[in-house]
Structure formats: C-alpha cells, structure tokens
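Chemist: First the structure, which I've put down as structure tokens, then a few questions once you've had a look.
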Amino acid sequence: MPAGGQYPGRITWSVIIACCVASSGGLIFGYDIGISGGVTSMDSFLSKFFPSVYHLEENSTSSSQYCKFDSQLLTLFTSSLYLAALVSSFVAATVTRKYGRKWSMFLGGLTFLVGAVINGLAVNVFMLILGRVLLGIGVGFANQSAPVYLSEIAPAMHRGTLNIGFQLMVTIGIFVANLINYGTAQIPGGWGWRLSLGLAAVPALIITIGSLLLPETPNSLVERGKNDQAKRILVKIRGVTDVHPEYEEIVAACDEARAIDHPWSNILKSKYRPQLIISSLIPIFQQLTGINVIMFYAPVLFKIIGFGSNASLLSAVITGIINVGATVVSILLVDRAGRRPLFLGGGIGMFLCQVSVGALIDILFGVSGAGTVIKKLAAPVLFFICIYVAAFACSWGPLGWLVPSEIFPLEIRSAGQSITVSMNMLFTFAIGQAFLSMLCHMKFGLFYFFSGWVIIMTLFILFFVPETKNVPIEEMMIVWSNHWFWNRYIADEDIIGNRYSNNNM
Ligand code: BGC
C-alpha cells in the first residue's frame with residue numbers, strides 16, 4: 001500500500017474528457033455571475049421590472065458618487081439565486097451520495113435550463129424571480145457535485161490541475177456572459193436583456209447532456225456497492241490493468257462510509273474537526289476577498305469611477321479576460337508549486353491592490369464622494385483592479401473550490417461539500433446584498449475593509465491549512481495527523497492507510 005504515495009497509472013484521455021465535461025458544471029455558475037451585473041445596468045431591463053429604481057437613478061440628485069445606485073430591491077434580484085443554491089446544495093448532498101455524482105450534475109443542468117427559459121421569456125417580476133430560483137437550484141446541485149466528481153476521478157498527481165477545470169469554466173462563463181451583455185446592450189428595441197438571460201440555456205444544455213455521457217467515479221460506485229463496475233472504470237481511467245492498490249484503498253474508505261448512517265451528525269465528530277473548520281472558512285474567506293464586488297458590479301463600479309456606460313462593460317470584459325488567463329496560470333502551478341504558495345502569494349497580491357484602489361478612490365472622491373473624476377486616476381484604478389482579479393484567479397478562486405473538495409473522507413464527502421457550497425452562497429448573497437449600501441456608507445474604506453480580511457485569511461492559510469498536493473484523496477487523514485495543530489484531533493486508527501497496513505501484516 002503506497003501510504004502517502006502514488007498508485008500506478010497515468011493521466012488518460014478518458015479522464016481528460018470526463019474532466020472537461022464535468023468542469024462544464026462551472027459554466028452555468030460563471031455565466032450567471034457574469035450576466036447579472038450587466039443586465040441590471042441595462043435601462044430597458046430596469047424600466048420594465050424595477051421602474052422605481054430606474055426613476056431613482058434617472059432623477060438622482062445625489063452629489064455623492066458612492067450612493068448613486070443603492071437599491072435593495074435590485075440587489076435582491078442579483079442575490080436571490082444564491083439563497084436558492086444554498087438550500088438546494090443540502091438536497092444535492094443526498095442525491096450525490098445515494099445516486100451518484102453524475103445524476104446531481106444532470107439535475108443541476110436540467111433545473112438551470114428551465115430557469116433560463118423562464119427568465120428569457122419573463123413578462124413580470126414573478127417570472128423573473130421564479131426563473132432565478134430555478135437557476136439557483138441548478139447552481140447548488142452543480143457546485144455540490146462537479147468539484148467532488150473531479151477530485152475523485154483525477155489521479156492524485158494531477159488532481160489540482162483537473163479540478164481547477166471547474167473554476168476555469170466559471171471564469172469562461174463570466175467572460176462569455178460579459179461579452180454577450182456588451183453585445184445585447186447595443187440591440188435596438190431594448191430586448192437585449194432577454195437574449196442575455198435566455199442564452200443561459202446553452203451552458204445548461206452542455207452540462208445536462210454532457211453529464212449523461214460521463215462515467216461515474218469509482219469511489220461513488222463502490223460506495224453504492226457496484227464494485228465490479230468500479231474496478232472496470234478504474235482500469236479504464238487509470239490506463240493500467242493493476243489498479244488493485246487504489247481499488248483496495250477505495251474499498252477501505254467505503255467500509256468506513258457504510259458504518260455511518262448519518263453523515264450530518266458524524267461530521268461533527270472531533271476527528272473531522274480540521275475538515276469541517278477549513279471547508280467552512282475557505283468559502284467564507286473566498287467571498288470576503290471582495291471578488292464579487294468586482295464580478296457583479298464591475299459595470300456599476302466603472303460607471304461610478306467615470307467610465308461611460310459602454311466603457312464600463314468594456315472594462316468588465318478586460319477583467320473577464322484576466323480572470324480566465326490567471327486561472328490557466330494556477331492550473332499550471334497547482335500540482336507543482338502546491339496549494340499553499342498560491343494561496344499566500346495571491347493573498348499578498350490582493351492586499352496590495354485593495355489598499356491601492358482604496359487610496360486612489362479616496363483621492364478621486366474623498367469622504368464626501370462629491371469629487372469629479374480625474375481621468376488620469378481612473379486608469380490606475382482599472383490597473384490595480386485588474387491585478388487584484390489576477391491575484392484572486394491564481395489563488396482563492398480555484399483553491400476555494402479545490403481544497404474543500406479534496407480534504408473530506410468518503411463517508412462525509414458529499415455532506416462536507418454541501419457545507420462548502422452553502423457557506424459560499426450565503427456569503428455571496430450577503431456581500432451581493434450589502435455591497436451597494438456598504439459602498440454608500442463606508443466609501444473608499446470598503447476596499448480597506450476587504451484588505452483587512454485578506455490579511456486574516458492569509459494568516460489562516462499560513463498556520464492552519466496544510467499542503468494537500470499529490471496526496472491520494474482517500475489518504476488525506478495523514479495530512480492532519482502530521483499537522484502541528486490538527487494532529488490533536490486525529491488518533492492513529494483514524495488513518496485508513498495505517499489500518500490497512502496493520503490488517504495486512
Ligand atoms: C467564486 C465566485 C466568483 C468567481 C470569480 C469563484 O470561485 O466562487 O464567487 O465570482 O470565482 O471568478
């Protein structure tokens with residue numbers, strides 16, 4: 001048994017194809033993140049569904065640049081999806097565990113598809129919100145199952161690279177949505193928003209049909225007693241005939257899993273404390289980087305900073321490209337450099353950029369927010385925002401999904417991932433909902449607020465998050481037992497590798 005080591009096998013085409021298809025679960029999430037900000041800044045959309053917001057904006061006499069767009073109703077539209085995703089991820093946990101990862105992805109795609117159609121055809125706010133709730137359910141299912149699928153199907157040596165395919169698709173979804181918004185905003189007649197919302201059906205179709213073609217993960221098959229099928233798939237995806245060591249490891253993990261009836265109460269046991277704390281805090285911290293302020297409100301933010309309405313969408317496109325490009329960089333580095341260096345480097349980069357943006361906006365508008373835009377300063381603001389997005393996309397963006405999905409043992413993996421999804425959605429919701437009034441009240445200090453959180457999360461990584469690169473997924477307990485702090489929660493017999501070798505001595 002290769003405790004802490006590698007199993008025989010190489011990266012095969014069947015794994016690469018399976019990972020590409022499963023990653024497209026990230027497309028629906030990304031598309032929605034990218035589309036909402038642009039649509040809610042289209043006048044035709046606002047005047048149809050949120051006339052009060054539209055008139056307020058039109059007749060705004062506020063001299064403060066910070067408070068121009070503060071509307072709870074509008075932000076509720078953007079954020080409602082995240083509440084639906086939060087709740088549905090718990091249901092998804094049961095589907096993922098009992099019926100397999102691919103059926104959760106399928107259900108996610110299908111629900112998202114129906115939501116997209118309803119949104120594209122919406123004639124009133126009710127249809128709009130109903131559509132968004134369905135989109136949210138879809139995102140909850142896809143984000144719960146796709147990262148787990150990827151982490152299980154990938155060989156340990158390439159798990160980081162293949163798992164980040166999910167985040168890459170998130171960023172591509174955001175980017176494509178930004179481009180679509182840019183195009184549809186130009187359509188005469190004011191129906192462009194319908195196209196923006198309705199085209200969400202395309203990524204939904206990709207994951208819905210794609211998931212039907214996917215092989216199930218060996219871990220999930222063994223978990224459901226389909227051992228022969230699991231062995232066959234393992235041979236195929238690893239490209240070797242001798243898959244015995246890895247297969248035995250999965251079976252050992254499954255024996256453990258079967259002994260557990262209630263993953264939800266088990267997750268509270270002290271031996272799972274490290275995973276529980278880390279997988280709850282990582283998504284919270286990911287949102288407290290403030291990334292979605294940029295993702296949702298880039299068009300609004302750029303309008304405030306003084307770019308015109310089109311220029312603001314164009315700037316969102318620029319950040320979109322940087323987001324995709326920097327995610328590719330993290331794909332190249334994650335299994336070589338490891339997770340920790342990326343987390344730490346990204347944290348330092350984000351901190352420096354946020355402090356710079358805060359200072360520049362202070363110079364632009366001061367505390368009163370009454371200043372006029374100094375063109376010379378708008379460019380450096382855009383520059384630092386771009387570097388900030390790059391730093392996030394190399395670190396907390398992909399790792400915020402990768403690390404939680406790879407640290408849970410099989411018996412509580414599905415439940416654990418739904419905690420990650422729900423924490424992520426809760427804080428995405430809270431920040432989405434609070435951002436515009438926070439900007440109005442905290443002014444440029446908002447950027448300092450997020451930079452303070454970046455310091456805290458970077459220290460958390462430094463002291464409490466061990467390196468997980470190249471560790472086989474069913475052997476992760478070793479990582480905790482070797483950690484200066486978490487080892488107090490782990491007894492020797494909690495490590496499957498140890499138990500396995502003892503049994504075979
Ligand atoms: C986050 C999203 C964010 C996106 C930006 C994801 O990892 O979960 O909230 O909008 O990255 O690329």
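Chemist: Just one of (1) at pLDDT 95 or above; (2) within 14 Å of the ligand (Cβ to nearest atom) trips up VAL293, so point out which.
Modeler: Only one criterion is unmet by VAL293, namely (1).
Chemist: Here is a follow-up. Here's a check for you: in segment 188-225, which residue that is within 25 Å of the chain's Cα centre (by Cα) and among the β-branched types (Val, Ile, Thr) is farthest from LEU410 (Cα to Cα)?
Modeler: VAL202
Chemist: Tell me which residues, restricted to segment 168-187, are of a type in the set (S, T, N, Q) and under 20 Å from the mean Cα position of the chain (by Cα).
Modeler: Of everything in segment 168-187, those that are of a type in the set (S, T, N, Q) and under 20 Å from the mean Cα position of the chain (by Cα) turn out to be THR171, ASN178.
Chemist: At pLDDT below 80, part of a helix (DSSP H, G or I) and within 15 Å of the ligand (Cβ to nearest atom): does that describe LEU301? Walk me through it before giving the result.
Modeler: Working: at pLDDT below 80: yes; part of a helix (DSSP H, G or I): yes; within 15 Å of the ligand (Cβ to nearest atom): yes.
Judged against the criteria, LEU301 is a match.
Chemist: Can you tell me which of PHE408, PHE392 is in contact (Cβ under 8 Å) with a residue 12 or more places away in the chain, within 16 Å of LEU276 (Cα to Cα) and surrounded by 23 or more Cβ atoms within 10 Å (Cβ to Cβ)? Reasoning before the result, please.
Modeler: On the way: PHE392 fails: within 16 Å of LEU276 (Cα to Cα).
Of PHE408, PHE392, the one residue that is in contact (Cβ under 8 Å) with a residue 12 or more places away in the chain, within 16 Å of LEU276 (Cα to Cα) and surrounded by 23 or more Cβ atoms within 10 Å (Cβ to Cβ) is PHE408.
Chemist: Ok, one more. Which helices (runs of 4 or more DSSP H) does segment 1-50 wholly contain that include 1 or more residues that are surrounded by fewer than 19 Cβ atoms within 10 Å (Cβ to Cβ), at pLDDT below 90 and charged (D, E, K, R)? Don't jump to the end; show me each part of the working.
Modeler: Numbers: elements: 13-23, 25-39, 43-49.
Output list reads 43-49.
Chemist: Hey, another quick one. State which residue pairs qualify: first residue assigned to a loop (DSSP other than H, G, I, E, B) and inside segment 96-110, second residue of a type in the set (Gly, Ala, Ser) in any location, beta carbons under 7 Å apart, and separation of 6 or more residues or different chains.
Modeler: GLY100/SER220
Chemist: Report whether or not LEU162 is part of a helix (DSSP H, G or I) and either within 18 Å of THR78 (Cα to Cα) or touching a residue at least 40 places away in the same chain (Cβ under 8 Å) (or both). Quick ask: steps written out before the conclusion?
Modeler: Working: part of a helix (DSSP H, G or I): yes; either within 18 Å of THR78 (Cα to Cα) or touching a residue at least 40 places away in the same chain (Cβ under 8 Å) (or both): yes.
In short, yes.
Chemist: Go through ARG339, ARG273 for me and flag whichever is more than 16 Å from the ligand (Cβ to nearest atom) and either at pLDDT 75 or above or buried (at least 22 other Cβ atoms within 10 Å of the Cβ) (or both).
Modeler: Values: ARG339 fails: more than 16 Å from the ligand (Cβ to nearest atom).
Selected residue: ARG273, the only one of ARG339, ARG273 that is more than 16 Å from the ligand (Cβ to nearest atom) and either at pLDDT 75 or above or buried (at least 22 other Cβ atoms within 10 Å of the Cβ) (or both).
Chemist: Please work out if PRO218 is under 16 Å from LEU402 (Cβ atoms) and in contact (Cβ under 8 Å) with a residue 24 or more places away in the chain.
Modeler: Values: under 16 Å from LEU402 (Cβ atoms): no; in contact (Cβ under 8 Å) with a residue 24 or more places away in the chain: yes.
No; evaluated as a whole, the condition is false for this residue.
The values are calculated or read from the model by the stated rules, or taken from the named source; none is laboratory data. It should be emphasised that the depicted structure is a prediction, and the values quoted were computed from it without experimental measurement. Cβ coordinates were reconstructed from backbone atoms using ideal geometry, including for glycine residues, and neighbour counts include every protein chain displayed.
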